[in-house]
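The values are calculated or read from the model by the stated rules, or taken from the named source; none is laboratory data. The shown structure was predicted, so the numbers you read here are calculated from the model rather than taken from an experiment. Please note: Cβ atoms are built from the backbone with ideal geometry, for glycine as well, and neighbour counts cover all protein chains shown. Note: accessible area is taken over every heavy atom of the protein model, side chains too, but ligands, DNA and RNA are not part of it. Shrake-Rupley method; radii C 1.70, N 1.55, O 1.52, S 1.80 Å.
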Amino acid sequence: MMLQRGLEVYLECLRNKNVENLFVGNDGRIAARFFNARLSSVFQAIRSEQNLELLAYEAMVRSFSINDTGLSILKLLEHATTDDESIELDRLCRLLHVLNFFRQNSGPNIDLYLSVHSRLLTAVAGNHGAAFQRVLTSLDIPQQRIVLQLPAITPSQGWAVAHVAKNYRRNGFRFAVHARTVEQAYELLDSVNPDVLKLNAENALTENELGRFDKLLSTAARQQCRVILRKVDQINWLRQRPTSSQQPTAFGIQGNAVDIARSVLPASPHNGLVPTAVAKAGYRDTQQCCI
């Protein structure tokens with residue numbers, strides 16, 4: 001696999017131990033050191049609900065482990081940090097994920113979703129996204145394959161999300177927002193016009209919300225916004241859910257019932273095994289999952 005020149009140079013610096021807080025293991029994976037913790041990346045697939053086509057990966061932080069059994073300790077670290085330290089951790093993790101993702105063959109059209117910590121919404125002065133844009137440029141990594149994920153917000157934080165979203169868009173980034181409810185999803189579509197809207201499956205697919213969710217998909221599609229259901233722990237409802245249209249609008253799905261997060265991407269998006277729950281749900285002509 002041919003690496004981007006800037007990324008290749010940076011990885012060579014890491015191998016020579018010339019970069020603080022980052023180092024390369026014998027297996028090629030990059031880990032980060034923050035306080036007394038050793039961190040690495042895992043990636044969970046985001047797929048189309050209609051045919052399980054691979055759309056993207058979301059990067060997540062785990063304690064370093066040889067066999068991907070590391071713990072999600074980010075929240076523990078957050079509680080032990082000041083605002084400045086939390087921002088430093090957030091930026092370190094985004095760099096870590098970019099390095100671990102783009103050193104692998106992810107496929108030319110597969111996006112990478114990177115989370116932004118809630119403290120960055122108000123604690124960062126100046127132009128949001130500009131510093132990360134410079135990092136990507138120095139590594140020769142295509143910015144158009146990055147989606148920045150803003151955290152779920154309270155009503156009082158709406159102004160902050162609008163401000164950050166505007167800055168990210170000005171700096172050429174696509175961004176995703178998290179909605180706590182279908183009602184909030186409509187509000188976010190109207191107020192910040194995101195590129196991606198993410199909802200927890202358990203909140204969107206209750207009996208009372210199914211009809212409104214179907215309408216949300218149509219509204220989002222008109223705004224060219226992709227909807228993704230996250231934390232999908234059951235598959236069967238995907239084929240059973242009622243819709244108000246004979247041709248329901250497609251959306252993305254993400255969760256352990258679809259793909260388990262792993263540090264190593266498949267050599268091809270078609271490699272791997274289809275999870276048992278997905279196979280039993282009756283999917284045909286699917287891209288196989290990376291577990």
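Could you tell me which numbered condition residue 103 fails, if it satisfies all but one of (1) free of Cβ contacts under 8 Å to residues at least 40 places away in the same chain; (2) among the basic types (Lys, Arg); (3) within 26 Å of residue 54 (Cα to Cα)?
It is condition (1) that residue 103 fails.
If you take the residues in segment 200-213 that are assigned to a helix (DSSP H, G or I) and at pLDDT below 85, which one is farthest from residue 149 (Cα to Cα)?
Filtering segment 200-213 for residues assigned to a helix (DSSP H, G or I) gives 201-204, 210-213.
Add one more test, that the residue is at pLDDT below 85, and what stays is 202-204, 210-211.
Details: 202: 20, 203: 19, 204: 19, 210: 25, 211: 26 Å.
The extreme case among them is 211.
Filter segment 188-239 for residues that are acidic (Asp, Glu), more than 21 Å from residue 173 (Cα to Cα) and in contact (Cβ under 8 Å) with a residue 12 or more places away in the chain and give the result. Don't jump to the end; show me each part of the working.
Initial filter on segment 188-239 (acidic (Asp, Glu)): 190, 195, 202, 207, 209, 214, 233.
After this cut, where a residue has to be more than 21 Å from residue 173 (Cα to Cα) as well, the list is 202, 207, 209, 214, 233.
Result: 202, 209, 214, 233.
Out of everything in segment 114-137 that is of a type in the set (S, T, N, Q) and modelled with pLDDT under 90, what residue ends up being nearest to residue 41 (Cα to Cα)? Give the derivation first.
Let us first name the residues in segment 114-137 that are of a type in the set (S, T, N, Q), namely 115, 118, 122, 127, 133, 137.
Applying the additional criterion that residues be modelled with pLDDT under 90 yields 118, 122, 127.
Working: 118: 20, 122: 26, 127: 27 Å.
In this case the residue turns out to be 118.
Name the residues in segment 55-108 that are at pLDDT below 75 and under 19 Å from residue 11 (Cα atoms), would you?
Of everything in segment 55-108, those that are at pLDDT below 75 and under 19 Å from residue 11 (Cα atoms) turn out to be 64, 106.
When you go through (1) in contact with a Cys (Cβ under 8 Å, 6 or more places away or on another chain); (2) over 19 Å from residue 232 (Cβ atoms) one by one for residue 132, which number turns out not to apply?
The number of the failed condition is (1).
Cβ-Cβ distance below 6 Å, separation of 6 or more or different chains: which pairs start in segment 155-175 with a residue that is without any contact (Cβ under 8 Å) to a residue 40 or more places away in the chain and end on one that is of a type in the set (Val, Ile, Thr) and in a helix (DSSP H, G or I)?
160/122; 162/192; 165/192
Go through segment 198-212 and report how many residues are open to solvent by less than 40 Å² (accessible area, probe 1.4 Å) and over 18 Å from residue 257 (Cβ atoms).
Here the count works out to 2.
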